[in-house]
Amino acid sequence: MQNIIDHVHLSADERRLVILDQRRLPLHREYLVLATADQMYDAVKSLAVRGAPAIGIFAGFAMYVLAQGMPDSRPQFDAAFHKAADYLNSSRPTAVNLNWALQRMKRVVDAAPACAAAQLLPRLKAEAQAILDEDIAMCRAISEHGLALLRDGDGILTHCNAGPIATSRYGTAIGPMILGAQQGRHFRVFADETRPLLQGARLTSWELQNAGIDVTLICDNMASIVMKNGWVQYCFTGCDRVAANGDTANKIGTSGVAILAKHYGIPFYILGPSSTVDLNCPTGADIVIEERDGDEIREKWYAEPMAPEGVKCYNPAFDVTDHALIAGIITEKGICRPPYTESLRALFD
Ligand code: MRU
């Protein structure tokens, strides 16, 4: 039986991609039906679909849908396929999963130059399905490794959203708590609201509530006090790109959480699948950080703008946590410990 996830799936005729619009959560459960490359590009760029593994899964199925409308003859098909993949890849620069999934889809095409375009379609669908199936297995394994660290009653602080809708199932950073809850374990989770786009408030607290987990929503600037109060035993976050030396890009504000955790002696863990590890990227300095529209800070969510008109904004969507602040990187293959240059290479090279 094929693995299907609700938040990214094919339409019945397989000519369109259907996604849960994450911008409308938690109040509205609305789906977008996407048929063109422009619609797919916009869905990623505007964060209708988001989370590093989820955009990789999305990209796989998107290329299968788009391939059905491409020319039959091979040189033209190949050119159109590469062009569409490069276009989708340009929608967001930081999460490596997008490029990783698109490269996998391109390799299916490049590996069979003599094959008719129509015969490539089942192979492309199978590859997209494999990306999804592998993510489900990886998230489950990551959740098990993370859960093994936790004792009942522990408090875990997380930042942004690395749950089921950011992946396939379970998620990464909150996967251990979701898996634990299914096994009757009890944890307290503190979810940073995650300015400016509120993934923690809108998505993480919603997913954890739905899973019956004790979740407390805090503003980003409250992480220090909950740590000082002794309520946090671990910090777990997801990742968008892990460099070869362990430097890790994740949602803006993650590095601040790691610095606070160091101050209070709380272990800070990154949780992510091998599809997020980029051994070709030497350090965090080589990761491109997406910069977004300043209106997300000035006026989004407010009934009226909350900043003087025209004020200058700096709105990086991600930051890099220095490897020295990371106690471990929890992957599907186990937990990498410092020095990461060796431990990551040993597992993933
Ligand atoms: O801008 P977003 O919402 O796509 O950022 C998402 C994150 O930073 C997540 O923590 C990361 O992608 C990991 S999702 C398992």
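Bear in mind that the values in this text are calculations on the coordinates, not laboratory data. If you're wondering where the values come from, they're calculated on a predicted model, not measured in any experiment. Cβ atoms come from the backbone with ideal geometry, glycine included; neighbour counts cover every protein chain shown.
Numerical summary
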read-out: Projected label distance in nm at Asp38 and Asn210, using a 7 Å step from Cα toward the beta-carbon; value: 3.1 nm
read-out: Residue order, fewest to most surrounding Cβ atoms within 10 angstrom, among Phe190, Phe77; value: Phe77, Phe190
read-out: Computed P(r) (all Cα pairs; segment 108-155; 5 Å bins; percent); value: 4, 17, 16, 12, 10, 9, 8, 7, 6, 5, 3, 1
read-out: All aspartates and glutamates inside 18 Å of Lys228 as judged from Cα atoms, apart from same-chain residues fewer than 8 positions distant; value: Asp154, Asp192, Asp220
read-out: Subset of Lys45/Lys262; Lys45/Lys83; Lys262/Lys333; Lys45/Lys333; Lys251/Lys312; Lys45/Lys106 violating a 23 Å alpha-carbon distance limit; value: Lys45/Lys262; Lys262/Lys333; Lys45/Lys333
read-out: Sorted peptide list for 32-39, 19-26, 251-258, criterion being average Cβ within 10 angstrom, highest first; value: 251-258, 19-26, 32-39
read-out: Over the chain: helical MRE at 222 nm, DSSP H runs n ≥ 4 each giving -39500 (n - 2.57), nearest 500; value: -11500 deg cm²/dmol
read-out: Helix 117-147 vs. the chain, principal-axis angle (Cα, 0 to 90°, nearest 10); value: 10 degrees
read-out: Cα Rg, Dmax, segment 60-212, angstrom units; value: 19.4, 61
read-out: The chain shape via C-alpha gyration tensor axes, a/c threshold 1.5; value: prolate
